[in-house]
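Data block below; observations after.
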Amino acid sequence: MKVGRNDPCPCGSGKKYKHCCMRQDEHAETSPEDLYWRRLRRAIDSLPTDLLSFADG
């Protein structure tokens, strides 16, 4: 049975699942390739801003 995001967290903290362990579980399901692509996309997306701040000195 899958835990719903508004259900109590199965870890026993008393918090809702979405505020406790949901993020950790989502990251555990992603493959290393997905993480590399996310890091690359973040670097590419921030490049123009980084270059402009470097040029302003």
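So that you can scan it fast, the table gives a plain yes or no per residue for (1) of a type in the set (Asp, Glu); (2) modelled with pLDDT of 90 or more; (3) over 18 Å from the mean Cα position of the chain (by Cα):
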position: Val3; (1), (2), (3): no, no, yes
position: Pro10; (1), (2), (3): no, no, yes
position: Lys15; (1), (2), (3): no, yes, yes
position: Glu26; (1), (2), (3): yes, no, no
position: Tyr36; (1), (2), (3): no, no, no
position: Arg39; (1), (2), (3): no, no, no
position: Leu47; (1), (2), (3): no, yes, yes
position: Leu52; (1), (2), (3): no, yes, yes
position: Asp56; (1), (2), (3): yes, no, yes
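Pairs are defined by a Cβ separation below 9 Å, a sequence spacing of at least 6 or placement on different chains, a first member in region 7-25 that is touching a residue at least 12 places away in the same chain (Cβ under 8 Å), and a second member that is among the aliphatic types (A, V, I, L, M); the pairs so defined are Cys9/Val3; Cys9/Met22; Tyr17/Val3; Cys21/Val3; Met22/Val3.
Of all residues in region 26-57, those satisfying the criterion of being open to solvent by less than 60 Å² (accessible area, probe 1.4 Å) and not hydrophobic (A, V, I, L, M, F, W, C) are Thr30, Ser31, Ser46.
The values are calculated or read from the model by the stated rules, or taken from the named source; none is laboratory data. None of these values were measured; they are calculated from a predicted model. In this analysis, Cβ positions are derived from the backbone assuming ideal geometry, glycine residues included, and neighbour counts consider all displayed protein chains. Remember, those area values only see protein heavy atoms, side chains included, never the ligands or the DNA or RNA. Shrake-Rupley method; radii C 1.70, N 1.55, O 1.52, S 1.80 Å.
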